[in-house]
Every structure is written in structure tokens, then in C-alpha cells.
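J.: What follows is a structure written as C-alpha cells; I'll ask about it next.
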Amino acid sequence: METRWLLEIAKLHTSIDAAAAQVAQENPWLACGRGCTECCMDDITVFTLEALLISQHHGATLAGEGPAPQGGCAFLSPAGDCRIYEHRPYVCRTQGLPLRWLEDPSLAGSPEYRDVCPLSEPPAPLEELSPEGFFTLGDFEGRLATLQLMYDPQMTRVSLRDLFGKLSSTHEPLGGE
């Protein structure tokens, strides 16, 4: 049954990557991308469903290698590369992009907020840029939360660093079905 969940989360990640790539293509001024580690922070937590995906594809890393030193993401290699890049969680897939979100998307005229990585230098103030050049928060988070709720109704989160101590190459269950 876990295969179903792995396929669902992989499909969601593919959709996120497509949307993120479109935003990145529209903003050649972005400083962030593969290899940038400025946002690769310690103490990131993910839903158990994304932790399952990581454990299924990186069990040998979890069992045979230790986490990176504290202060940066546990999955950074000594060279600064992400050891789980192809299976990184949602939050890592959107870091560095220009983001926009509405305070209450259900209300017309709801205040809009925008942000971008401080390493990037947009060509104009963020409020003057087209909304199409931003990754809009809400939809993908909702889809991820819905999948997690179906997989694990407790909505359990797991620290990326803790995956090294809790999981092994035997892929112990994390919850859900």
C-alpha cells in the first residue's frame, strides 16, 4: 500500500517542479538554484509521507552515513551538495523562488504578500512585478496536506536530521497504511 503513497507524493513533486521551473524561467535574476545552500537550514521538519519517500530512496544514506554537522541541513554533503536532491521535500523545491500569498484567498481584495530570497536582485520592487512571475503559495501546500491526512491522520512531522536515527535501510514504517 505504501507504493501508492510514494507514487502520489512523487506525482505532486513533479507538479511542483514544473511550476517552480516556470517561475524560475520567468525570473533570470534569481540567485538561487541547485548548488546554493543559503536556505539549507537545520531543524526542517517534513510530513511522514515525504520522510517515507526519502527513506525508500535513500535508505543506504540513512543507514550508512551520518547527518551533516548541525547548523545546516542534515542532508548536505561535505561539498555542499544535497544528498537527496531528486527526492527532496516540498519546502526545498520552492526555496529561493519569488513567493506570493494571499492573507485569505477566499476573500476578494484580500491583502497579498510577496517575498524573495535576499540574495536575488529583482529588476523592480516586488509589488511592481507581474503575479505570474511568482510561485503562489496555497494550492500545493493544500494538496500535500490532503495526501498526508489520508496517509497519516495525525499529520505527524519528522525532523530531517532525525531520519538518520529513526530509519534504516529496512524502511521501517513511519505511519499511515
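Just so you know, all these numbers are worked out from the coordinates, no wet-lab data involved. Quantities reported herein were computed from a predicted structural model and do not represent experimental measurements. Please note: Cβ atoms are built from the backbone with ideal geometry, for glycine as well, and neighbour counts cover all protein chains shown.
J.: Given the options A18, Q70, F135, identify the residue whose Cα lies farthest towards the positive end of the charge dipole of the chain (+1 on Cβ of Lys, Arg; -1 on Cβ of Asp, Glu).
T.: Of the candidates, Q70 comes out farthest on the positive side.
J.: Explain nothing, just the number: dipole magnitude of the chain about its Cα centre with +1 on each Lys and Arg Cβ and -1 on each Asp and Glu Cβ, in debye rounded to the nearest 20.
T.: 480 debye
J.: Gap in Å between the Cα centre of the range 107-171 and the Cα centre of the range 48-102?
T.: 14 Å
J.: Based on a Kirkwood Rh over C-alpha pairs, give the Stokes-Einstein translational diffusion coefficient of the chain at 25 °C and viscosity 0.890 mPa s in µm²/s.
T.: Translational diffusion coefficient: 141 µm²/s.
J.: With the contact rule set at Cα under 8 Å and sequence spacing of 6 or more, what percent relative contact order holds for the chain?
T.: Answer for the chain is 38 percent.
J.: Where does each of 61-69, 106-114 land if you order them by average Cβ count within 10 Å, highest first?
T.: Per-residue mean Cβ counts within 10 Å order the peptides as 61-69, 106-114.
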